[in-house]
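Take a look at the structure below.
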Amino acid sequence: MLKSIKESGDYLGQISNNISEKVGILEQEIERGNLPKTPDGKIRIVELGTGGGESLRRIKGKAKFDNNIDIIALDIMPSLVSSLKNEIGTEAVAADAGELPFYDNSISAINASAILHEISSYGTGLNEVGNIERNKIYGTAAVTKALAEFNRVLTPEGI
């Protein structure tokens, strides 16, 4: 059900509204050179909940002149991730927002402007075993878990 809803044109059309509001602060920080570097000297930006990739395109457009910026697309939908990896040419990962596949302090910025409501509604902690989901949580607990993951992977000055 989630897959059919998320892949519908109407859904992707809706989330593409107000792109400037979704990425404006991040674009400003890129322009100003204010994004913190990770311990290995890179700047890594994660676009969480990629949808149709509109935010990714905008972020990539701002960062294209800085070879020190890596942009990573992350979505729970493997088909979206695969499509964006090929279409936009960025690193892409299929993962759960409550279990981010990154090292501690390894991310400079996370853009998650349109995803917290989905984490609340659809849950996090996906751990499928023979089509039975275990340890899945919803609502405030799911959002709290995802925010703790953001805090874990962001550099101390991360955005």
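Read-outs throughout are calculated quantities, based only on the coordinates presented, and are distinct from any laboratory measurement. Because the structure is a prediction, the values reported are computed rather than measured. Using ideal geometry, Cβ is built from the backbone for each residue, glycine included, and neighbour counts are taken over all protein chains shown.
What the table below lists for this structure:
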| read-out | value |
| --- | --- |
| Within the range 65-159, percent of DSSP bridges classed antiparallel, to nearest 5 | 40 |
| For the range 65-159: relative contact order, % (alpha-carbon pairs under 8 angstrom, 6 or more apart) | 28 |
| Full-extension gain in nm, Glu157 to Glu99, via 0.36 nm per residue minus C-alpha separation | 18.8 nm |
| Ser121 versus Phe65: modelled label distance in nm, points set 7 Å from Cα along the beta carbon direction | 3.9 |
| Charge dipole (the range 13-159, unit charges on Cβ, about Cα centre) - positive-most of Ile76, Leu26, Thr140 | Leu26 |
| Projected label distance in nm at Lys85 and Ile19, using a 7 Å step from Cα toward the beta-carbon | 2.3 |
| Restraint check, Lys42/Lys64; Lys62/Lys136; Lys22/Lys42; Lys37/Lys60; Lys64/Lys145; Lys62/Lys145, Cα-Cα greater than 26 Å | Lys62/Lys136; Lys64/Lys145; Lys62/Lys145 |
| Mean-position separation - Cα centroids, the range 68-94 and the range 40-54, in angstrom | 8 |
